[in-house]
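Here is the structure we will look at, set down as C-alpha cells.
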Amino acid sequence: MRTALLQSSGRPGSTVENLKVLDEAAGRAAAAGAGLLVAPEMFLTGYAIGDDIARLAEPADGDCADAIAETAIRHGLAIAYGYPERAGDAVFNSAQLISPDGTRLANYRKTHLFGCFERDHFTAGDQPVVQAELDGLRVGILICYDVEFPENVRAHALTGTDLLVVPTAQMHPFQFVAESMIPVRAFENQMYVAYVNRVGREGEFEFVGLSTLAGPDGVARTRAGRAEELVLADADPAFLAASREANPYLRDRRPGLYGPLV
C-alpha cells in the first residue's frame, strides 16, 4: 500500500485552515497512487496552542471528523490524523483512522504523555493496542512518545500489526528518534513504521521534521527533510512476509524469562 506522509505543522489554531491543508495533501497523495495519508500529531488544531487545545477539542465523531471523512471519500484514500479528542470532561491526545469510504476505522488515545505541557492539557489513554484492517494490512496506531517505549511496539507486533502509523510532534534535540530509533523499532518488531512529524518552530518547541517510513529490514523507504513536505513510500505485504520468515525475533522470544521486567 502506497503511504503518503504529510510533514507539516499546518496552521496552528485554525481547524478550518488545517482541513484545507489536509484536503490539498490528500489530492496530491491520491494522484501519486497513495492508499493512505498520515498527518502529524495534533494536526487538526496545532500542538503548542495552550488552552485552545481544550477549546478546539471535539468528539471522535465531531464535525471535523465528518469533514475529513468527506475528504477521504472525495480523494479515495484512507486518512490518519492527530487531534484533541473531547470525551466528557476529559481531553485526549488522539489519532483517528478513516477509511476511503468515510468509515471511522480506529481511534487511539496517547497512552504516554510527554512532559509538563502534555500532562497539563491531556488525560492519558489506557488502551495500548488499537488496530484496523486496511487494504490487506493490519494498521496499528501509536502517537509520538508512545513509540519510544519498546513494550508498546512489541505489543503491536504480538497482535499482528503490519503497518504502525505514528503521528508525532518530535522536537529538538531528540531527532535521533526519527533517524535511528524508528528503523530499529521496525526491524526488531518486523513491521513497517510510518513516523510523521510536525516541522518548524511552534511556541516554545522546534519540531525537527525527518518523517520516515521504515521497513522491516530497518531501511528507511523515504525520509523527509526539515521543511514542509509530502513524501511517499510503499508498505509491501509480500516483502513483509518474507522478512518475517527470515528474521525470527518473534518466534525466538522466551516470554517466561521476561516476568521481572514488568
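The values are calculated or read from the model by the stated rules, or taken from the named source; none is laboratory data. Because the structure is predicted, anything quoted here is derived from the model rather than measured. Note that each Cβ is placed from the backbone with ideal geometry, even for glycine, and that neighbours are counted across all protein chains shown. To get the accessible areas, we keep the full protein, side chains included, count just its heavy atoms, and leave off ligands, DNA and RNA. Shrake-Rupley method; radii C 1.70, N 1.55, O 1.52, S 1.80 Å.
Please go through the stretch 51-63 and give me each residue that is open to solvent by less than 40 Å² (accessible area, probe 1.4 Å) and out of contact with any Asp or Glu (no Cβ under 6 Å at 6 or more places or on another chain), ordered by number. Steps first, please.
First pass over the stretch 51-63, keeping only residues open to solvent by less than 40 Å² (accessible area, probe 1.4 Å): 53, 56-58, 60, 62.
Answer for the stretch 51-63, where residues must be open to solvent by less than 40 Å² (accessible area, probe 1.4 Å) and out of contact with any Asp or Glu (no Cβ under 6 Å at 6 or more places or on another chain): I53, L56, A57, E58, G62.
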*Tell me, which residue of the stretch 1-50 that is among the acidic types (D, E) and not in a loop (DSSP other than H, G, I, E, B) is least open to solvent (accessible area, probe 1.4 Å)?*
D23
_Tally up the residues in the stretch 160-190 that are in contact (Cβ under 8 Å) with a residue 60 or more places away in the chain and either of a type in the set (D, E, K, R) or open to solvent by 20 Å² or more (accessible area, probe 1.4 Å) (or both), please._
3
*Looking at the stretch 191-233, which of its residues are buried (at least 21 other Cβ atoms within 10 Å of the Cβ) and in contact with a His (Cβ under 9 Å, 6 or more places away or on another chain)?*
M191, F207, V208
_Matching residues, the stretch 93-134, being of a type in the set (V, I, T) and open to solvent by 10 Å² or more (accessible area, probe 1.4 Å)_ = T103, T111, T123, V129, V130
*Among the residues of the stretch 213-234, write down those that are touching a Gly at 6+ places or on another chain (Cβ under 8 Å) and assigned to a loop (DSSP other than H, G, I, E, B).*
A224, G225, R226, A227, E228
*Could you tell me whether any residue of the stretch 208-227 is within 30 Å of S14 (Cβ to Cβ), aliphatic (A, V, I, L, M) and touching a Leu at 6+ places or on another chain (Cβ under 6 Å)?*
no
_Residues located in the stretch 231-262, provided they are among the β-branched types (V, I, T) and within 30 Å of S8 (Cα to Cα)_ = V231
*Quick check: is even one residue across the stretch 74-92 assigned to a helix (DSSP H, G or I), touching a residue at least 12 places away in the same chain (Cβ under 8 Å), open to solvent by 10 Å² or more (accessible area, probe 1.4 Å) and under 26 Å from T212 (Cβ atoms)?*
yes
